[in-house]
Amino acid sequence: MNAIKVARRFIETDPANESSKILAQLVLALESERSFELVTLYSLDYKSFELAMDILKEWRLDRYYASKSKLFDLSLQVSELEKS
């Protein structure tokens, strides 16, 4: 199961938990492209810390694929314009 799904389930299970709050803050910062104090991750237990690292890895990959998809869409539009 991917880290984003695991994090969602973790946060849903106990949203008042400090680790849940930190993971939610991390996700919000990533989505909104805002700053996040990395030192905050050190207050997580090891399992939650590993989950945070996995979220970062997946987020980066998803972002890469989203950018690739946008480039493909734009290239397709340009190709269609040339045909017109």
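The values are calculated or read from the model by the stated rules, or taken from the named source; none is laboratory data. Keep in mind that this is a model prediction, so the values were computed, not measured. FYI the Cβ positions are ideal-geometry reconstructions off the backbone, even for glycines, and counts take in every protein chain you see. With ligands, DNA and RNA removed, areas are computed over all heavy atoms of the protein, side chains included. Shrake-Rupley method; radii C 1.70, N 1.55, O 1.52, S 1.80 Å.
Points to keep in mind about this one:
- GNM result for the chain, Cα springs below 10 Å: residue of 30, 61, 74 fluctuating most strongly: 74
- In plain terms, the chain from residue 21 to residue 59 could stretch by 11.9 nm, reckoned as 0.36 nm per residue minus the Cα-Cα distance.
- Karplus (6.51, -1.76, 1.60) ³J(HN,Hα), θ = phi - 60°, over the range 52-66, in Hz, Gly and Pro reported as x: 4, 5, 5, 4, 4, 4, 5, 4, 5, 5, 4, 5, 4, 5, 5
- Net +/- balance of residues flanking residue 19 in space, Cβ distance below 12 Å, scoring K and R +1, D and E -1: -2
- To put it simply, the accessible area of the chain at a 1.4 Å probe is 57 percent carbon and sulfur.
- Local electrostatic count at residue 5 - Lys and Arg +1, Asp and Glu -1, tallied over other residues with Cβ under 12 Å: -1
- Average projection area in nm² (convex hull over Cα atoms of the chain, one quarter of hull surface): 7.0
- Both radii come from the Cα set of the range 7-47: Rg as radius of gyration, Rh as Kirkwood radius; their ratio Rg/Rh reads 0.96.
- Accessible surface for the range 1-77, divided over its residues, is 77 Å² per residue with a 1.4 Å probe.
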